[in-house]
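Following: one structure in structure tokens, then a few remarks.
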Amino acid sequence: MTDLLSKKMAARQAAVVRRAAAHAGIDQTGAHRHLWAFLAPYAGQALAGYMPIRTEIDPLRVMTGWAAEASVCVPQIVGADQPLQFLRWQPGAEMTQGAFNVPTPAEAAPLLPAVVIVPLLAFGPNGARLGYGKGHYDRTLAALRTQHPVLAVGFAFADQFDSDLPQEATDQPLDAVITERGIAFQAAP
């Protein structure tokens, strides 16, 4: 195993512990308010959220509000080493268990988002993101960015910050990170 992969594995293990502690002890209301305020200039655009698993911060309140005015979609894992596909989602939609037990809409059409709320284990300086290690979001953001402008917004607890997050050349940076404390990172326009 390379040194970088070992560092990423150690960072993931530490991040799981930090996120679980934050999930157990932090009211997510402030995070929802900050995410909604940050996304307000993008009203009307197709939004990709996610169905939270494990101790991920929950974007469903924002997704539900967005769905009242614009299209919302959630990711579906198509296969190993492939970008995610996004499927239309509405509050109350019938869901099935997809890969890695991630809920996906039972019957939905694909949708290409302009804004993507991205789950994560940890985030670092300059929009660095650490996920579960399968590369789904990195491949997806890379593919989307070749098709049209897309805004990638990490959604996390502030305690998920890691100032020394290991990164690879294929890791796609986030354009912003929103936490319960507000904007933790925003790329220069």
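The values are calculated or read from the model by the stated rules, or taken from the named source; none is laboratory data. Given the structure is predicted, the values throughout are model-derived calculations rather than measurements. Glycine also receives a Cβ, built like all others from the backbone with ideal geometry; neighbour counts cover every protein chain displayed.
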Self-check item: 2 or more residues small (Gly, Ala, Ser) and over 25 Å from residue 93 (Cβ atoms): qualifying strands (runs of 3 or more DSSP E) within region 105-189
Solution: 182-186
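Across region 2-54, which residue is farthest from residue 66 (Cα to Cα) among those that are of a type in the set (D, E, K, R) and in a loop (DSSP other than H, G, I, E, B)?
Filtering region 2-54 down to residues of a type in the set (D, E, K, R) leaves 3, 7-8, 12, 18-19, 27, 33, 54.
Going one step further and asking which of them are in a loop (DSSP other than H, G, I, E, B), we end up with 27, 54.
Numbers: 27: 21, 54: 23 Å.
The extreme case among them is 54.
So how many residues does region 79-91 have that are of a type in the set (A, V, I, L, M) and either in contact with a helix residue (DSSP H, G or I) (Cβ under 6 Å, 6 or more places away or on another chain) or under 15 Å from residue 109 (Cβ atoms) (or both)?
Selection size over region 79-91: 2.
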Practice problem: May I ask you to list pairs of residues, at least six apart or on different chains, whose Cβ atoms are under 6 Å apart, with the first in region 128-143 being over 19 Å from residue 54 (Cβ atoms) and the second being crowded, with 16+ Cβ neighbours inside 10 Å and charged (D, E, K, R)? | Solution: 138/171
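Yes or no: region 105-112 includes at least one residue that is in contact with an Asp or Glu (Cβ under 9 Å, 6 or more places away or on another chain), closer than 26 Å to residue 23 by Cα and touching a residue at least 12 places away in the same chain (Cβ under 8 Å).
Yes: region 105-112 contains one or more residues that are in contact with an Asp or Glu (Cβ under 9 Å, 6 or more places away or on another chain), closer than 26 Å to residue 23 by Cα and touching a residue at least 12 places away in the same chain (Cβ under 8 Å).
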Quiz prompt | Index of the failed condition, residue 62 passing every other in (1) touching a residue at least 40 places away in the same chain (Cβ under 8 Å); (2) out of contact with any His (no Cβ under 9 Å at 6 or more places or on another chain); (3) crowded, with 18+ Cβ neighbours inside 10 Å | solution = (2)
Practice problem: Check whether at least one residue in region 176-187 is more than 20 Å from residue 39 (Cα to Cα) and either surrounded by 13 or more Cβ atoms within 10 Å (Cβ to Cβ) or touching a Leu at 6+ places or on another chain (Cβ under 8 Å) (or both), and report yes or no. | Solution: no
Quiz item: Quick one: in region 97-125, which of the residues that are surrounded by fewer than 17 Cβ atoms within 10 Å (Cβ to Cβ) and at pLDDT 95 or above is nearest to residue 49 (Cα to Cα)?
Solution: 112
Quiz item: What are the residues in region 130-146 that are modelled with pLDDT of 95 or more and exposed (fewer than 13 other Cβ atoms within 10 Å of the Cβ), if any?
Solution: 145, 146
